[in-house]
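The values are calculated or read from the model by the stated rules, or taken from the named source; none is laboratory data. All figures in this text were calculated on a predicted structure; none of them were measured in a lab. Here the Cβ positions follow ideal geometry from the backbone for every residue, glycine too, while neighbour counts run over all protein chains shown.
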Amino acid sequence: MLSIKNLHASIDGKEILKGINLEVKAGEVHAIMGPNGSGKSTLSAVLAGRSDYEVTEGEVTFNGKNLLELSPEDRAREGVFLAFQYPIEIPGVSNVNFLKTAINEIRAYKGLGPMEAKDFLAMLKEKQKLVELDVKLANRSVNEGFSGGEKKRNEIFQMAMLEPKLAILDETDSGLDIDALRVVANGVNKLKSKENATIVITHYQRLLDYIIPDVVHILYNGKIVKSGPKELALELEERGYDFIKAEAQL
Amino acid sequence: METITQKNTLKDKVISEFESSKNSLFGNTLLREQAMESFYKQGIPSRKHEEYKYLNIDLILKGDFSLALNKTLDRKQIAHLEILNDAYVITIENGVFIEELSKLQDLPKGLIICSLAKASKDHSSVFEKQYAQSADVNADAFIALNTAMAKDGVFVHVQRNTLIEKPIYIIHVSSAIQNSIINPRNLIVVESNAQVKIIESYETVDSTAKVFNNALTEIVVEESAVVDHYKIQDENNFGYLLNTTQIIQKGKSVFTTHTFTLSGSLVRNNLNIVLDDEGIESNLNGLYLTNENQVVDNHTLVDHRKPKCNSNELYKGIIDGKSTATFNGKIFVRKDAQKTNAFQSNKNILLSDDGTINTKPQLEIYADDVKCSHGTSTGKLDEEKVFYLRARGLSETSAKKLLMHAFASEVVDTIKIDALRDYVEEKISKRFE
């Protein structure tokens, strides 16, 4: 589904990603872990199409298409979803209206007409339940006045509504208490299928107790320095990032 | 005589027109003469005038302007302007009340609507008591000019304890085929404990002539009255609108005004509210969307004269192209006006590199027990928000449109008449296309 080859990216002339290689197949869950400043958020930003980052080398294909040539909206329409680490507040734009616009633009991209209002409402109801999002929150402006946990839950709610093929969760666990973490993880697990894939980017192993990855990658200094089964995350938790740093320097 | 013909400045032309027509105009001729004298003294303000420093009105008024206009409109031409089905409609063409283009059948008891010229005779006691009482000719050259030259306009009188359910909709239409100056004048008197909604719109029909529209509306809001007032300014690219609204409020009254500036080559709003008694509430909302070479200038003055009054002011603007927008918000809190709450906010989005926004809050506070605040902000559309929406599949254009709507909605949502809110929303959507 997603194939990243020798990806280099920089911001303001400073290279952050220094040759990432990653293959993600449908049905898989990949975890990317790494210390602060290793390039985790840069990777998700580059995949989502944030323009501040410049890709200097390498390629990314998504279901056969050159992802890097697509605009951020076309990536979303192709089925890439980024759950933001810091979801922003958009006063005056209602969650519902925003999602309706997004869904209809994605449908138009695929040559489909707008969704029937009653189908949309039914979907809204179902997905709200799935991520245990308060109906009141869904009807409010996007993230306005939401707590940290509510914002993250709203990201997962949007993901549920947009039904992406590839979801990238960028430190979705940061700042979440254990209950919120459970709800978010639960939502992600329920949305998992053989057709879609998930990349979980995290600093801590904790989230991976709830979302079980097929593969764990360790990102350090702009490169994936180690990949392994889910136990790698536990080892990392136990030994800390220092052993990775030490290994990387060898 | 020869020298006058040679000079032939606008000022001279105005005076000669005034001398030949003053005896046929409605109302008190002496009052008009005083106004003309004041206009002559003040002159047309240039950019050297502190209150007009962002406007080139003296340049706009160079060239030949006519002061005499005939009626040309028929009903078909203005059908599209009647946006409210259920309203008392008043049509003012080039400053003159046109009865046959108005819909004023079955006025309820306690509501009088007629031309100002007629009111000066048939309703002389109210007219004489209120007309030109709050708009001070010495305060502004355009008030003076209007007071001297006004040919007509509408008189709306809501008698005490009268609740008017349907909105009163005053359509000002410019239809001039030659460059003209018009001076529409309205007087609205809402007596104690009465309630009314009033919409004034400013439009152009089939005209490509330069029209300088010096419109003045006086509103008297008596004790415990509730008035909801709207201005929709949507003239064409040849329209120059100087729109003065002068309000005086009495005790415990509530006055809310909304100014939507959607188009027009130049729009200058002078909105002056006097809070002349205790327990008054005043709300001022404004939204301006500017583009191309448009100039929009909102001057507001909230004059707290007595204790225990509240005023809230919210103006927002979206500036594009080479347009210039100005917000100048003055709040006076006089010595007597203890326990005043006065709030003001002006927020702007600048979409282009060539647009200009001038924002100037001015608070003058002479009382010591008051709560006052003001804030202004100007910025570009937030790129982070645009990216967030695009990352969910919205095109850049629709993301920006959604954000501009969101920005405007804070003001649009204050419209209490559903059909009017829909109309304004549709107009805004078209502007964002």
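Every residue, every condition in (1) over 19 Å from the mean Cα position of the chain (by Cα); (2) at pLDDT 95 or above; (3) buried (at least 24 other Cβ atoms within 10 Å of the Cβ), yes or no:
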residue	(1), (2), (3)
B:Asn94	no, no, yes
B:Leu101	yes, no, no
B:Gln105	yes, no, no
B:Ile113	yes, yes, no
B:Lys121	yes, yes, no
B:Phe127	yes, yes, no
B:Thr162	yes, yes, no
B:Pro184	no, yes, yes
B:Leu187	no, yes, yes
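Between A:Met161, A:Met115, which is under 16 Å from the mean Cα position of the chain (by Cα) and within 14 Å of another protein chain (Cβ to nearest Cβ)? Break it down into steps so the answer makes sense when it comes.
Values: A:Met115 fails: under 16 Å from the mean Cα position of the chain (by Cα).
Testing whether each residue is under 16 Å from the mean Cα position of the chain (by Cα) and within 14 Å of another protein chain (Cβ to nearest Cβ) leaves just A:Met161.
If I go through region A:53-100 residue by residue, how many of them are within 9 Å of chain B (Cβ to nearest Cβ) and not hydroxyl-bearing (Ser, Thr, Tyr)?
The total comes to 20.
Mind checking which residues of region A:42-52 are within 16 Å of the chain's Cα centre (by Cα) and within 14 Å of chain B (Cβ to nearest Cβ)?
Residues of region A:42-52 within 16 Å of the chain's Cα centre (by Cα): A:42-50.
If the condition is that a residue be within 16 Å of the chain's Cα centre (by Cα) and within 14 Å of chain B (Cβ to nearest Cβ), then A:Ser44, A:Ala45, A:Val46, A:Leu47, A:Ala48, A:Gly49, A:Arg50 are the ones that fit.
Would you mind finding the one in B:Glu218, B:Glu191, B:Glu235, B:Glu200 that is of a type outside the set (A, V, I, L, M) and surrounded by fewer than 22 Cβ atoms within 10 Å (Cβ to Cβ)? Let's see the steps before the verdict.
Details: B:Glu218 fails: surrounded by fewer than 22 Cβ atoms within 10 Å (Cβ to Cβ); B:Glu235 fails: surrounded by fewer than 22 Cβ atoms within 10 Å (Cβ to Cβ); B:Glu200 fails: surrounded by fewer than 22 Cβ atoms within 10 Å (Cβ to Cβ).
Just one listed residue meets the conditions, B:Glu191.
For the condition touching a Phe, Trp or Tyr at 6+ places or on another chain (Cβ under 7 Å) and more than 16 Å from B:Thr290 (Cα to Cα), what is the one hit in B:Leu394, B:Leu420, B:Leu403? Explain how you work it out, then say what you get.
Values: B:Leu394 fails: touching a Phe, Trp or Tyr at 6+ places or on another chain (Cβ under 7 Å); B:Leu403 fails: touching a Phe, Trp or Tyr at 6+ places or on another chain (Cβ under 7 Å).
So the residue among B:Leu394, B:Leu420, B:Leu403 that is touching a Phe, Trp or Tyr at 6+ places or on another chain (Cβ under 7 Å) and more than 16 Å from B:Thr290 (Cα to Cα) is B:Leu420.
Scan (1) at pLDDT 95 or above; (2) part of a helix (DSSP H, G or I); (3) away from every other protein chain (no Cβ under 12 Å) for the single condition B:Gln344 breaks and write down its number.
Checking B:Gln344 against (1) at pLDDT 95 or above; (2) part of a helix (DSSP H, G or I); (3) away from every other protein chain (no Cβ under 12 Å), the one that fails is (2).
Here is a check on your reading of the model: is B:Leu216 within 18 Å of the chain's Cα centre (by Cα), under 15 Å from B:Ser115 (Cβ atoms) and at pLDDT 95 or above? Can you show your working first?
Values: within 18 Å of the chain's Cα centre (by Cα): yes; under 15 Å from B:Ser115 (Cβ atoms): no; at pLDDT 95 or above: yes.
Judged against the criteria, B:Leu216 is not a match.
Looking only at strands (runs of 3 or more DSSP E) that lie completely in region B:262-334, which have at least 3 residues being out of contact with any Ser or Thr (no Cβ under 8 Å at 6 or more places or on another chain)? Walk me through it before giving the result.
Values: elements: B:266-275, B:281-290, B:295-304, B:310-319, B:324-333.
Correct list: B:295-304.
Take region B:382-401 and flag every residue that is buried (at least 16 other Cβ atoms within 10 Å of the Cβ) and either in contact with a Gly (Cβ under 9 Å, 6 or more places away or on another chain) or not in a helix (DSSP H, G or I) (or both). Full working, then the answer.
Taking region B:382-401 as the starting set, the residues that turn out to be buried (at least 16 other Cβ atoms within 10 Å of the Cβ) are B:385-395, B:398-401.
B:Phe387, B:Arg390, B:Ala391, B:Arg392, B:Gly393, B:Leu394, B:Ser395 - these are the residues of region B:382-401 that are buried (at least 16 other Cβ atoms within 10 Å of the Cβ) and either in contact with a Gly (Cβ under 9 Å, 6 or more places away or on another chain) or not in a helix (DSSP H, G or I) (or both).
All but one of (1) under 30 Å from B:Gln130 (Cα atoms); (2) out of contact with any Phe, Trp or Tyr (no Cβ under 6 Å at 6 or more places or on another chain) hold for B:Met36; which doesn't?
The single condition B:Met36 does not satisfy is (2).
So which residues in region B:307-327 are surrounded by fewer than 21 Cβ atoms within 10 Å (Cβ to Cβ) and either under 18 Å from B:Lys430 (Cα atoms) or more than 16 Å from the chain's Cα centre (by Cα) (or both), if there are any at all?
Scanning region B:307-327 gives B:Pro307, B:Lys308, B:Asn310, B:Asn312, B:Asp320, B:Gly321, B:Lys322, B:Thr324.
Filter region B:408-425 for residues that are buried (at least 22 other Cβ atoms within 10 Å of the Cβ) and either at the interface with another protein chain (Cβ under 7 Å from one of its Cβ atoms) or small (Gly, Ala, Ser) (or both) and give the result.
The answer is B:Ala408, and nothing else.
Find all pairs meeting these conditions: Cβ atoms under 6 angstrom apart; at least six residues apart or on different chains; first residue within region A:226-237 and in contact (Cβ under 8 Å) with a residue 12 or more places away in the chain; second residue surrounded by 15 or more Cβ atoms within 10 Å (Cβ to Cβ) and assigned to a helix (DSSP H, G or I).
A:Ala233/A:Leu208
Just one of B:Asp353, B:Asp422, B:Asp418, B:Asp413 is free of Cβ contacts under 8 Å to residues at least 12 places away in the same chain, over 17 Å from B:Ser311 (Cα atoms) and within 20 Å of the chain's Cα centre (by Cα); which is it? Lay out the reasoning, then the answer.
Working: B:Asp353 fails: within 20 Å of the chain's Cα centre (by Cα); B:Asp422 fails: within 20 Å of the chain's Cα centre (by Cα); B:Asp418 fails: within 20 Å of the chain's Cα centre (by Cα).
Going through B:Asp353, B:Asp422, B:Asp418, B:Asp413 in turn, just one is free of Cβ contacts under 8 Å to residues at least 12 places away in the same chain, over 17 Å from B:Ser311 (Cα atoms) and within 20 Å of the chain's Cα centre (by Cα): B:Asp413.
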